[in-house]
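What follows is a single structure, written as structure tokens, with notes after it.
The values are calculated or read from the model by the stated rules, or taken from the named source; none is laboratory data. Just so we're clear, the structure is a prediction, and the values are computed from it rather than from any experiment. Heads up, the Cβs are rebuilt from the backbone with ideal geometry, glycines too, and the neighbour counts pull from every protein chain shown. For the accessible areas, the whole protein counts, side chains as well, though only heavy atoms, and no ligand, DNA or RNA atoms are used. Shrake-Rupley method; radii C 1.70, N 1.55, O 1.52, S 1.80 Å.
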Amino acid sequence: MIKFIPTELTLGLRSKILRNGMPLEECVFPTDNVEGAFHLAFYVGDEIATIASFFPKNYKDKAELGYQLRGMATDTPFLGKGYGKQLVQFAVEYIKKTNAQYIWCNARTSAVKFYEKLGFDLVSEEFEIAGVGPHYEMILNLY
């Protein structure tokens, strides 16, 4: 089941999966509480399997409204079960109601194939995010 959740419920998986066990307070993003931001979780029973955060932010110099996907993570026991795909598809339908034209992300190199299967296109060369690793910019056009 997919639910909207408060920022605080994203921090455990952000720390465990994305930030090598960093303290929770260091896993807060500056955009977590901007107007229009929302956080989703895919629950299996009472356990959060997958999380992702979305907030309005245009990609580079694009004039059309866009949303950035950030902090997507799936807990290890739930990998490969399709929960991430379902969560992104849910977010796409929700974001379409905002008149946004696209969703973009800085995808870890290891996740590029996942995003490509969802229809995202590579729009950059590989680059390094300090302390996190190699990434690509990717965009999913909604229309």
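Key figures
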{"read-out": "In the stretch 1-35, the GluC sites (Glu not before Pro) that fall in loop regions by DSSP, at most 15 other Cβ within 10 Å", "value": "35"}
{"read-out": "Of the GluC sites (Glu not before Pro) in the stretch 58-118, those whose Cβ has at most 11 other Cβ within 10 Å and which sit in DSSP loop", "value": "none"}
{"read-out": "Aspartates and glutamates with Cα under 15 Å of residue 62, excluding same-chain neighbours fewer than 8 positions away", "value": "137"}
{"read-out": "The chain, relative contact order [Cα under 8 Å, separation at least 6], %", "value": "18 percent"}
{"read-out": "Antiparallel DSSP beta bridges within the chain, percent to nearest 5", "value": "90 percent"}
{"read-out": "GNM result for the chain, Cα springs below 10 Å: residue of 76, 50, 31 fluctuating most strongly", "value": "76"}
{"read-out": "Candidates per trypsin sites (Lys or Arg not before Pro) in the stretch 1-82, loop by DSSP, up to 11 other Cβ within 10 Å", "value": "60"}
{"read-out": "Helix-only CD estimate at 222 nm, as mean residue ellipticity for the chain, using -39500 (n - 2.57) per DSSP H run (n ≥ 4)", "value": "-4000 deg cm²/dmol"}
{"read-out": "Residues of the chain: accessible area per residue with a 1.4 Å probe, Å²", "value": "54 Å²"}
{"read-out": "Matching label, Cα extents along the principal axes in Å computed from the structure shown, candidates (1) 66, 27, 24; (2) 45, 38, 25; (3) 38, 32, 29", "value": "(3)"}
{"read-out": "Accessible carbon and sulfur surface of the chain relative to its total accessible area, %, 1.4 Å", "value": "52 percent"}
{"read-out": "Over 22 Å between alpha carbons, listed pairs 3/97; 60/117; 16/96; 57/81", "value": "60/117; 16/96; 57/81"}
{"read-out": "Cα gyration tensor category, rounded, prolate or oblate, for the stretch 87-143 with a/c compared to 1.5", "value": "prolate"}
